[in-house]
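The values are calculated or read from the model by the stated rules, or taken from the named source; none is laboratory data. Everything numeric in this text was worked out from a predicted model, so none of it was measured. Cβ: placed from backbone, ideal geometry, glycine included. Neighbour counts: every protein chain shown.
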Amino acid sequence: MITATTRALRTPSAGTDDRNARLASPAAMPSLPSLTGLRWVAALLVFGLHVNNFGYFGGTGGRLASWGFGAGATGVSFFFVLSGFVLTWSARPGDRVLAFWRRRVARVYPVHLATLAVALLMAYTTAHQPRPTLKQAAANGLLLHAWWHPWWQTLNPVSWSLACEAFFYAAFPLLILLLRRLDARGSVALGGSSVAAVLLLGWSDAHHWWTYSLYSFPAARLPEFVLGAVSARLVLLGRWRGPGLEASLALALIGYFFVPQVTPGYSATVCTIIGFGLLIPAAAVADLHGLPSLWRHRRLVRLGELSFAFYMIHLLVLRAATPVLGTKPHFGVLAGLAVTTAAFTVSLALSWVLYEAVECPARRLLLRRRRVSSPEQAPAHREAPAARN
């Protein structure tokens, strides 16, 4: 169902140019809290995926966990699309490339380095943990490890998605330059090309055209980022044509539960790319026009602020518990819920520590000389790097 407000965006009015001029000013950019709330939901799906992969539940509980969270890896696609949307939404006209990259480093690197240190400590103090080579550790620290498949799961495995994000950040100055030269029709064509690229890559990956899976290859994930950037551009131009929040969510859920029907890996992206590509701008439009949105609830927004730190630490928590719980223990429902709750609570507590003691102070320190704060520093304008499979 397309809301009346969304339909109104289809026809430019006399005030469209004035509104677009206001949106083009960084100081006037409205907050989009629903996107922050949705970030938490995506991070929670990834947590559920890893609980399922670690085999906390057996029997009926295991089947339910697999049904609900077996497709949780698609959260990575959501984060990539969201990243493109948020960076385009908060892009500053005339911003310098080095200033943009500086803000990106301040956004992701402190938590990455902190969790990398934890992963290194675990590798050398915990039994049965693989120890990285010097090259693997260096590539991980520099966010280059996703480019070489044998290294993509080293140390803190979720950090492979940050390597993809680093590539997106490197490409973004050229992408935003292109988008600003395209009109709405050209932007739609670019978005359609991005979806077509995902479909083609998914088909080729499922048919083993490549030596390694494309799932973690940064260049293969770029079309998702571009699609998010295109949708943000169309919202900024007042030319977004998508359905409303309810219909977009329904399409995203249909795609999510269709994932088990395709080849595991990159092909799952094909199932959810349309739904995610519609859901994110629909949530943004709902915030812009004050339409109802469950995702802007203050508790969800607060959890969304912690979501980056949460998924950067949660897999290390699950790994640390393995010597105590065993490998794939397959507990009953009650015992499985108990250990899952404990792992979730510890992960959430550590994510709060990382957010308050590392992420925020380090970002303030790295950006302390800036006289004007960045829109990306506001909670509603932070995008989350993706989680891992």
Residues of the range 234-261 satisfying the condition of being in a helix (DSSP H, G or I) and in contact with a Lys or Arg (Cβ under 8 Å, 6 or more places away or on another chain): Leu234
The range 109-141, subset more than 14 Å from Ala163 (Cα to Cα), under 26 Å from the mean Cα position of the chain (by Cα) and of a type in the set (Gly, Ala, Ser), residue surrounded by the fewest Cβ atoms within 10 Å (Cβ to Cβ): Ala117
Odd one out for Asn140 among (1) closer than 13 Å to Tyr169 by Cα; (2) at pLDDT 95 or above: (1)
Residues located in the range 297-352, provided they are basic (Lys, Arg) and outside any loop (DSSP other than H, G, I, E, B): Arg298, Arg299, Arg302, Arg319
Failed item in (1) over 27 Å from Ala106 (Cα atoms); (2) touching a residue at least 40 places away in the same chain (Cβ under 8 Å); (3) crowded, with 22+ Cβ neighbours inside 10 Å, with Ser307 passing the rest: (1)
Cross-chain or 6+ apart pairs with Cβ under 8 Å, the range 142-154 first and touching a residue at least 24 places away in the same chain (Cβ under 8 Å), then surrounded by fewer than 17 Cβ atoms within 10 Å (Cβ to Cβ) and not polar (S, T, N, Q): His149/Tyr212; Thr154/Pro130
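In the range 44-65, which residues are aromatic (Phe, Trp, Tyr) and not in a helix (DSSP H, G or I)?
Correct list: Phe54, Tyr56, Phe57.
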Failed criterion for Ser66 (all others in (1) buried (at least 21 other Cβ atoms within 10 Å of the Cβ); (2) modelled with pLDDT of 95 or more hold): (1)
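Quick check on this structure: which one of Ala284, Ala321, Ala343 is touching a Leu at 6+ places or on another chain (Cβ under 9 Å), hydrophobic (A, V, I, L, M, F, W, C) and within 19 Å of Met122 (Cα to Cα)?
The unique qualifying residue is Ala343.
Per-residue answers, yes or no, for (1) aromatic (Phe, Trp, Tyr); (2) surrounded by fewer than 21 Cβ atoms within 10 Å (Cβ to Cβ); (3) touching a residue at least 24 places away in the same chain (Cβ under 8 Å); (4) within 27 Å of Ile176 (Cα to Cα):
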{"residue": "Leu199", "(1), (2), (3), (4)": "no, yes, yes, yes"}
{"residue": "Asp205", "(1), (2), (3), (4)": "no, no, yes, no"}
{"residue": "Trp209", "(1), (2), (3), (4)": "yes, yes, no, no"}
{"residue": "Phe217", "(1), (2), (3), (4)": "yes, no, yes, yes"}
{"residue": "Pro223", "(1), (2), (3), (4)": "no, no, yes, yes"}
{"residue": "Leu227", "(1), (2), (3), (4)": "no, no, yes, yes"}
{"residue": "Arg239", "(1), (2), (3), (4)": "no, yes, yes, yes"}
{"residue": "Glu246", "(1), (2), (3), (4)": "no, yes, yes, no"}
Total residues in the range 267-304, condition over 28 Å from Leu199 (Cβ atoms) and surrounded by fewer than 24 Cβ atoms within 10 Å (Cβ to Cβ): 16
